[in-house]
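See below for the structure under consideration.
The values are calculated or read from the model by the stated rules, or taken from the named source; none is laboratory data. Since the model is a prediction, treat every value here as computed from it, not as a measurement. Note that each Cβ is placed from the backbone with ideal geometry, even for glycine, and that neighbours are counted across all protein chains shown. All accessible areas refer to the heavy atoms of the entire protein, side chains included, with ligands and DNA or RNA removed. Shrake-Rupley method; radii C 1.70, N 1.55, O 1.52, S 1.80 Å.
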Amino acid sequence: MKSDFVGSGEGEARVVMALRLILRGGHLSYDATLTALDATLRGEVRPSLMAALLIGQRMNIEEEEEVRAHLDAVRKSEESLQLQVASLTHFGQPFDGASRYFRPTLFVAAVRAAQGRATVLHGVDEMPPKRGVTEELILQVLGARVDLTPEVAARLIEDEGVGFAYVSQREYAPMAYELRDLRVHIAKRPPWATTEKAQLLFSCADWNGMVVGFYHSGYEDKLLYLMRDKGLDAGLVIKGEEGTSHYSVRLGKPSDAERKAINYTQGFFNASGEVQTLARDIDPAEYGFCYGQSPRPERVSAEAFAALGMAALKGERSHVYDRILLNAGLTDYCLGLSSGAYEALAEAKEAIDSGRALAHLERYITRSNSSK
């Protein structure tokens, strides 16, 4: 029996029209998805219809054009700010944070900044379903500002003494952030859980890269499609711990035809005008990181992660130090930014042991508070 329900207003009518196709297992075009999402983000659609749209597309497994629309609905490419830096890398992690393993993103950014590799971090304070530890919560503990506008963050990234910045979704996409409570009620991760990690906030003239974590097989190709569509010079998707882009210090069971292992890496990079691709597991044991199992911190909290990360940047040897070193070095190697894996690890180690990475993080904390 065909329903005559059309919703209330033009925005709901667009969503209802989209749902008629979605509920039959169909897929929307880029324009149809974008139109429905625009109405949703503007608050023109009741929560029940918003939830049906998001759940329905995820249940159908979004096609590439639907994924692209979910990314552009939040922030379009033309809104990216141009920066004056030699290279720029965006790191996209799950917005719902870490609940089991140490999350080294912030400290990896400090190491890269000390090597002259500008880095962008973005996310939220907390997000369902895990409501785990995020970069924003760690920065709050360390005393940094977490309400920087993209314009202020751009100046910190361009500052050679800092070289990285964190931008909260509250600042670059407040309407998307306002839908956080809806995500509590629908429980299932919406398509935005995939695309928000690939948000391109800035770009530079010379070299642009992106590193994104994933967990569910099939989404690695969709994420790489987004990176190529944005014209990036290099892009990596990594099946890291807890869906992040972070390598575990132990490989475990290698990938096979049916499953991707933790530490599986797929991507592309431009080397001397020729695009090269890779798809492989990263085995830390090959580079001297020998663990029988992947250690977990005694406490999982922003306070604990802040203390562990700072101690590692001060040279304290631990699994946290190894995680930061492994991820800073091998990620840049896979991006094509270093001549070899061992060279990349040596460069990252020097940035930590010299105290330069710590200095960049400390300057970020200070200068973020004095920026306007």
Sequence order, the range 164-178: Karplus ³J(HN,Hα) from phi using 6.51 cos²θ - 1.76 cosθ + 1.60, θ = phi - 60°, Hz rounded, Gly and Pro as x, gives 7, 7, 10, 10, 7, 4, 4, 8, 9, 8, x, 5, 5, 5, 5
Which residues qualify? For L81, with a placed amide H closer than 5 Å and at least 5 residues away or on another chain, they are F202, S203
Mean-square fluctuation maximum in Gaussian network of the chain, Cα pairs under 10 Å, restricted to T89, T195, T35, hits T35
For S248, the residues 5 or more places away or on another chain with a placed amide H closer than 5 Å to its own amide H are E241, N263
Counting sequence-distant residues (5 or more places) and residues on other chains, those with an amide H built under 5 Å from that of H90 are V120, G209, M210, V211
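Determine the share of the range 232-328's accessible area contributed by carbon and sulfur atoms, expressed in whole percent, with a 1.4 angstrom probe.
That fraction is 45 percent.
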The distance between the Cα centres of the range 70-98 and the range 1-66, in whole Å, is 25
Of the listed pairs K222/K349; K188/K222; K253/K349; K197/K260, those with alpha carbons more than 22 Å apart are K222/K349; K253/K349
Normalised Cα Rg of the chain, dividing by 2.2 N^0.38 Å with N its residue count, works out at 0.98
Where a ≥ b ≥ c are root eigenvalues of the Cα gyration tensor, a/c under 1.5 meaning rounded, otherwise prolate if a/b exceeds b/c and oblate otherwise, the range 63-205 counts as oblate
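What accessible area per residue, rounded to a whole number of Å², is obtained for the range 1-117 using a probe radius of 1.4 Å?
Here the per-residue accessible area is 42 Å².
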From highest to lowest solvent-accessible area (probe 1.4 Å; ligands, DNA and RNA excluded), S80, S29 read S29, S80
Burial-style ranking of 299-312, 328-341, average other-beta-carbon count within 10 Å with highest first, yields 328-341, 299-312
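Ranked from highest to lowest mean number of other Cβ atoms within 10 Å per residue, what is the order of the peptides 64-73, 284-293, 151-160?
Working: 64-73: 21.7, 284-293: 13.1, 151-160: 18.4.
Most protected by this proxy first, the peptides run 64-73, 151-160, 284-293.
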Env charge @ S203, Cβ radius under 14 Å, K,R +1 / D,E -1, value -3
With every protein chain kept in place and a 1.4 Å probe, the range 254-372 has an accessible area per residue in Å² of 48
Per the C-alpha gyration tensor (a ≥ b ≥ c, the square roots of its eigenvalues), the range 114-270 is rounded if a/c is under 1.5, else prolate if a/b beats b/c, else oblate; here it's oblate
Of 137-144, 21-28, ordering from highest average Cβ density within 10 Å down gives 137-144, 21-28
